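Here's the structure, in structure tokens; my notes come after.
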Amino acid sequence: MAQTVLATQLDATARDFLSIKAGLIDYIKDARPNDFTDFTESQLGLAIIELVAWGIANNAFYQDRYANEAYITTAQQRRNLVLLARLVGYVPALATSASVNLRVDTSTLSVVTGDTFVIPAGSKMSAAGGIVFETLAAVTLVCTAGSTKTFTVDGGAATTTPEFSVVQGESKSDTSTGTGDPFKEFLLSQFPVISDSIDLYVGGLPTDPGAVKWKEVESLVLGDPDNVDNQQIYQVIIDENDQATVRTGDDVTGAIIAAGVTVHATYRTGGGAKGNVAAGAISTNAGATKNGTTSVSLKVSNLVAATGGQDRESVDSIRFFAPLNAKVHNTAVTLNDYFVLSNGYSDGSSGSIVKAGVIADPTDGLSNVVTVYVW
């Protein structure tokens, strides 16, 4: 009785080109020993084998990538990590802005008591390397004694070395109109957006009498816990490039913006560790108005290094903290819970928490009260 010999089985676990090619050759030698016998590199048949092996290896590579990118513990691409983190309510931290005080050189100023200098909000001053800093609010300097050139800054104590604060980044704004559609999305044109810098005005520009500033919420579905009507709220969605989309509601959770109504968004872009410039990196002129009529330039410089600038959250940090944040669910009980929640804090002008500690206070008689110290 003739015995049937099974051909060599292909190794389904082979993923690389050389292993797949060797497996195909072994299979052909066993399954077709008389049909194909010349496996030299110059033969067309071997070229076909290599082409098939390349196709299988390439397909295996993408299958592995698809599988890896579907799980937060193995995903590598930032876009996929951001989307997976969003599923568990985790928002990766955006870049924060560095800030620094600029000292005004008053030695060459010609002043008398009562002279007032106003530096407008949004005044931009560049550091070495083109890194832009700006004033977030108008700065008012008042000369309190022309003989000694002492000044107050925004009503503070008089000093001969007046200083004011600037923050790295640039103010931007976009204007659009409502369409009357539910869950309308407005894509902000400039990025990367700085953490917590977006404000939305509906009905006009911020200076218009009819404009209403809406409130940002973490989720339109959850609404606003302080507003039972859940109206005049919006949600911000950040993509892998730190570009923001503002989403409004459906008249159930969040109001619909009627067709033709002006929608105006203000925000800031920039941020990052690059803003932590060294002392003396800013040496420029700040435009000001003297006594409400005359345009002047004030020489300013930073005597200390800027601080607080921090880059956006890394992919490794997202991969580590997103699952932990889902377990904590915004409730701190253990020390590890405080550690996770403090990591998620980010402020556009103050930066992020570097270290945090929790100490229970046994003297107040309340077992569930703790003091949180942050740096």
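The values are calculated or read from the model by the stated rules, or taken from the named source; none is laboratory data. All of these numbers come straight from a predicted model, not from anything done at the bench. Here Cβ is always computed from backbone atoms with ideal geometry, including for glycine, and neighbour counts include all displayed protein chains. Protein only, heavy atoms only, side chains kept; ligands, DNA and RNA dropped before computing areas. Shrake-Rupley method; radii C 1.70, N 1.55, O 1.52, S 1.80 Å.
Of note:
- Of the residues making up the stretch 5-46, those that are farther than 15 Å from Ala60 by Cβ and open to solvent by 50 Å² or more (accessible area, probe 1.4 Å) number 20.
- Residues of the stretch 231-238 include none that is open to solvent by 40 Å² or more (accessible area, probe 1.4 Å), of a type outside the set (A, V, I, L, M, F, W, C), out of contact with any Phe, Trp or Tyr (no Cβ under 9 Å at 6 or more places or on another chain) and not in a loop (DSSP other than H, G, I, E, B).
- Residue check, Lys327 among the charged types (D, E, K, R), more than 29 Å from Asp174 (Cβ to Cβ) and touching a strand residue (DSSP E or B) at 6+ places or on another chain (Cβ under 7 Å): no
Results for (1) among the small types (Gly, Ala, Ser); (2) over 28 Å from the mean Cα position of the chain (by Cα), shown as yes or no for each residue.
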position	(1), (2)
Thr152	no, yes
Ala158	yes, yes
Ser165	yes, no
Ser171	yes, no
Asp174	no, no
Phe183	no, no
Ser189	yes, no
Val193	no, no
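- A search for C-beta distances below 8 Å between a residue of the stretch 197-214 that is on the phi > 0 side of the Ramachandran plot and any residue that is outside any loop (DSSP other than H, G, I, E, B) and open to solvent by less than 20 Å² (accessible area, probe 1.4 Å), counting only pairs 6+ apart in sequence or on different chains, returns Gly204/His264.
- Any hit, the stretch 305-320, residues being among the aromatic types (Phe, Trp, Tyr) and in contact (Cβ under 8 Å) with a residue 60 or more places away in the chain: no
- Residue check, Ala60 open to solvent by less than 50 Å² (accessible area, probe 1.4 Å) and part of a helix (DSSP H, G or I): yes
- Selection of the stretch 107-121 for residues being surrounded by 15 or more Cβ atoms within 10 Å (Cβ to Cβ) and in contact with a strand residue (DSSP E or B) (Cβ under 7 Å, 6 or more places away or on another chain) yields Val111, Asp115, Thr116, Phe117, Val118, Ile119.
- Extreme residue, farthest from Thr116 (Cα to Cα), among residues of the stretch 267-295 that are among the polar types (S, T, N, Q) and open to solvent by less than 60 Å² (accessible area, probe 1.4 Å): Thr269
- Residue in the stretch 169-183 that is closer than 27 Å to Arg103 by Cα and assigned to a loop (DSSP other than H, G, I, E, B) present: yes
- Some residue of the stretch 323-334 being touching a residue at least 12 places away in the same chain (Cβ under 8 Å), surrounded by 13 or more Cβ atoms within 10 Å (Cβ to Cβ) and closer than 19 Å to Phe164 by Cβ: no
- The residue that is farthest from Lys290 (Cα to Cα), among those in the stretch 122-136 that are assigned to a loop (DSSP other than H, G, I, E, B) and open to solvent by 60 Å² or more (accessible area, probe 1.4 Å), is Gly129.
- Hits in the stretch 207-223 - residues which are in a loop (DSSP other than H, G, I, E, B) and open to solvent by less than 100 Å² (accessible area, probe 1.4 Å): Asp208, Gly210, Ala211, Trp214, Ser219, Leu220, Gly223
- Every condition in (1) assigned to a loop (DSSP other than H, G, I, E, B); (2) buried (at least 16 other Cβ atoms within 10 Å of the Cβ) holds for Phe151 except the one numbered (1).
- Residue match in the stretch 40-57 (condition: within 30 Å of His329 (Cα to Cα) and outside any loop (DSSP other than H, G, I, E, B)): no
- Filter result (assigned to a loop (DSSP other than H, G, I, E, B), farther than 19 Å from His329 by Cα and open to solvent by 20 Å² or more (accessible area, probe 1.4 Å)) within the stretch 74-93: Thr74, Gln76, Gln77
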